[in-house]
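One structure is given here, and the rest of the page talks about it.
Derivation of every value follows stated rules applied to the coordinates shown; laboratory data play no part. Just so it is clear, the structure is predicted and the values come from calculations on it, not from any experiment. Here the Cβ is made from the backbone with ideal geometry for all residues, glycine too, and neighbour counts use every protein chain on show.
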Amino acid sequence: MQTGQQAGEYCNKCGGRHATEQCRGVSGLCRNCNQPGHFARICPQRNSGNFQNSAAARTMPAPERQASSVHSYQPQHPQQSRQGGSQTVSQPPKKQDRVFALTEEQAQAAPDDVIAGNCYLCNCPAYVLIDTGATHTFISEKFVISHKLSAEPLTEIVSFSSPLGKGMLSITAMRNCVLQFEGHAIEIDCFVLGLSDFDCIVGIDMLTKYIATVDCFQKVVRFKPEKTDEWKFYGKGSRARIPLISAIAMNNLLQKGAEGFLIYAIDTKKSSPNLVDILVVCEFADVFPDEIPGLSPYREVDFSIELMPGKQPISKAPYRMAPIELKELKDQLEDLLTKGYIRPSVSPWGAPVLFVRKKDGSMRLCIDYRQLNETTVKNKYPLPRIDDLFDQLQGSTVYSKIEIGISSIASKRRRHIEDCLSNKIRSL
């Protein structure tokens, strides 16, 4: 029977061959002087001669900075010998891999040195780093937990070391994860690791599998698997420009099912003022009503329409309309009847109507008076001189342009009673 450290027991903190509760990292002791309260990089005995002599005996040669190692090993299990006793058999590391990953602060300080961007990993938004120095692909443990993804346990414990010398362990992995970007998707296998600044690190294993070419200057990764078209991954701050195509090529692509997007800029800060915010409008509220109260009052001279003698009544067939236009026509006619602008008529004269789309998307009701206008007598009166009109405008500073739509048959003015019976709108 063994006491103390059991055979095959490894630390969950640093991966060393000792119990977890005996690890210096768990107890918070300095790795140089074994004293609490500070870290090894700020140890007060770091430059002392006694410390250098004592530390030289237990300090191992530091590896080269340009390569960081990732060790994979299996937990040691006691095996039974022929005499019945237990014997511990150690196994050498199976892999010698590398991983290079910067923190978010380092990536922001040197934005031109990394290729990272936003993608969709397992249908979830993720911040992905392309790392050509990593021999494997990794996924953040926090990302897996927050999106409730399922990971498979590994048959062996894998230990990773970063360029800073910090070791991390991975006991789970994810298979066939779908990584989507630029309208394409690839399947990747990744180890679950405690990443803090990136949701996923794509290593050289997946880049090799999909025959990727990395352009460090333009920060573009080109994927071209066998028997498929090439697609690209643009990193954040990429210098690559989107190529221009002609209008004919665009129409051909749209006919083949390609997606097109229209982008335009809108200044959301500028907004048209409301009438209630204008002082002049508030002062003369009776001049700016929300709705016209009714027809104009009776005047000395009523407006009349004179027809050519001997002309027969003209009645055109209605235009064809879609169901949505018929519904809009019914609503507008009911509104005009309610306000008293129009009234039912049995006149043999008739003109068809149609709708014209406005800028705001609504439909304007228009009446085709072309045939009826040919039978009316044109007004014969001399036009005023333009010089006299300009003289009358001298000193004026405020002008108004009133747009009156076809919401009334006679432009909100009363007509002769005979003319009211001589025309009607033909809708159905």
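Taking the number of other C-beta atoms within 10 Å as the exposure measure, put SER140, SER271, SER400, SER161 in order starting with the fewest.
SER400, SER271, SER161, SER140
Select from segment 165-222 those chymotrypsin sites (Phe, Trp or Tyr not before Pro) which occupy a DSSP coil region and have at most 13 other Cβ atoms within 10 Å, ordered by residue number. Present the calculation step by step, with values, prior to reporting the outcome.
Working: sites: PHE181, PHE191, PHE198, TYR210, PHE217; in loops: PHE198, TYR210, PHE217.
Here the chymotrypsin sites (Phe, Trp or Tyr not before Pro) that fit, given the DSSP loop and packing criteria, are PHE217.
By how many nm would the segment from GLU374 to ASN251 lengthen if fully extended, with 0.36 nm per residue of separation less the alpha-carbon distance?
Numbers: separation 123, 0.36 × 123 = 44.28 nm, distance 4.43 nm.
Computed gain between GLU374 and ASN251 is 39.9 nm.
For LYS227 and ASP360, FRET efficiency with R0 = 51 Å and r from the beta-carbon atoms, rounded to 0.05?
Working: r = 51 Å, r/R0 = 1.00.
Using R0 = 51 Å, I get an efficiency of 0.50.
Length gain on complete extension for the stretch ASP215 to ILE278, per 0.36 nm per residue less the alpha carbon to alpha carbon distance?
On the way: separation 63, 0.36 × 63 = 22.68 nm, distance 5.85 nm.
Stretched out fully, the ASP215 to ILE278 stretch lengthens by 16.8 nm.
Mind listing which trypsin sites (Lys or Arg not before Pro) in segment 172-228 are in a DSSP loop and have 14 or fewer other Cβ atoms within 10 Å?
LYS227
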